[in-house]
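Below: the structure, in structure tokens.
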Amino acid sequence: IASRSGLSFNDFLIHLAPFIVVLMIVFVVVCRWLFRDAFHYDPDRVAEVMALSEREAIRDRKLLWQSLLVLALVLAGFVSHTALHLEPSVIALLGAGLLVLISKITTEDAIADVEWETLVFFMGLFVMVGALVKTGVIGQVSENLADAVGGEPLLAVMALLFGSAILSAIVDNIPYVATMSPIVGDLVTDLGGTPQAESLWWSLALGADLGGNATAVGASANVVVLGLAARNGTPISFWRFTRYGLVVAALSVVLAAPYLWLRYFVLA
């Protein structure tokens, strides 16, 4: 979104940081309610946890520091990828190659730890989403949304927020945002580029990001976590994830609506 809108990473922090703080507080309270059955005191489990030593979990300190260094470089590359004229995917691959180069990890060891099931899932997901983009389905939905709210910034912001949340729960939010970005750019231009019109970028960011929490396929991070959970003997089904995800997504999107209204239409 930043590359499409011309906004910097700092702009995103300034505009969204207050809402993120509020959202985190609400999220902690909601999690306490959703998982209330898990918050029972068990003396045996407490004793097991207290007996654990975090130092024993680190088997290779040198590799840890090497990984942290490469991770810091990759994150810096993500933030400055527009200035570097490199795609985030290229930066991630360069980071992986650098870690293999400076560490003692062999290619066989690295490949053995790859989440192949997750990668195959992503391959299929992006093929299906790419087909929807190629055939014009997602584009047509987006254009109809833009036509329906033309000339009304507040209506456009709310429609884009809730529409993005719903669609991002169905398809991965990354290709959805890539498809919507040029349409939002045209809509901002049509509305005169005012602060209220520019808030469309924030509604797209919030709707796609928060709506992606609703289902397991709504965001790439969801799929990765489910793959890791299954690999460690704690599988999470699609419907079990959705049962909690829908509550979190709905509540966070509903909270985002008054924030956008106050921030860009009342206090602007």
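For the peptides 241-248, 123-130, 57-64, the ranking by packing is 241-248, 123-130, 57-64, with the highest mean count of neighbouring Cβ atoms within 10 Å listed first. Per-residue ellipticity at 222 nm from helix content only, as computed over the chain with -39500 (n - 2.57) for each DSSP H run of at least four residues, stands at -25000 deg cm²/dmol.
Surface composition of the chain: carbon plus sulfur atoms hold 69% of the accessible area, using a 1.4 angstrom probe and ignoring ligands, DNA and RNA. Computed from label points 7 Å out along Cα-Cβ, the spacing between LEU98 and ARG240 is 3.8 nm.
Under the convention that each Lys and Arg Cβ holds +1 and each Asp and Glu Cβ holds -1, the size of the dipole of the chain around its Cα centre is about 400 debye. Rolling a 1.4 Å probe over the heavy atoms of the protein chains gives the chain an accessible area of 62 Å² per residue. For the listed peptides 250-258, 43-51, a ranking on the average number of other beta carbons within 10 Å per residue, highest first, reads 250-258, 43-51. In the complete set of protein chains, residue-level accessible area for ILE20 is approximately 80 Å², probe 1.4 angstrom. One decimal place: the segment ALA229-VAL79 gains 51.1 nm when fully extended, by the rule 0.36 nm per residue minus the C-alpha distance. Modelled spin labels at ILE170 and MET123, positioned 7 Å past Cα toward Cβ, are 2.7 nm from each other.
The values are calculated or read from the model by the stated rules, or taken from the named source; none is laboratory data. This is a predicted model, so every value here is computed, not measured. When we count neighbours, we look across all protein chains shown, and the Cβ atoms used for this are built from the backbone with ideal geometry, even at glycine. Accessible surface areas use protein heavy atoms only, side chains included; no ligands, DNA or RNA. Shrake-Rupley method; radii C 1.70, N 1.55, O 1.52, S 1.80 Å.
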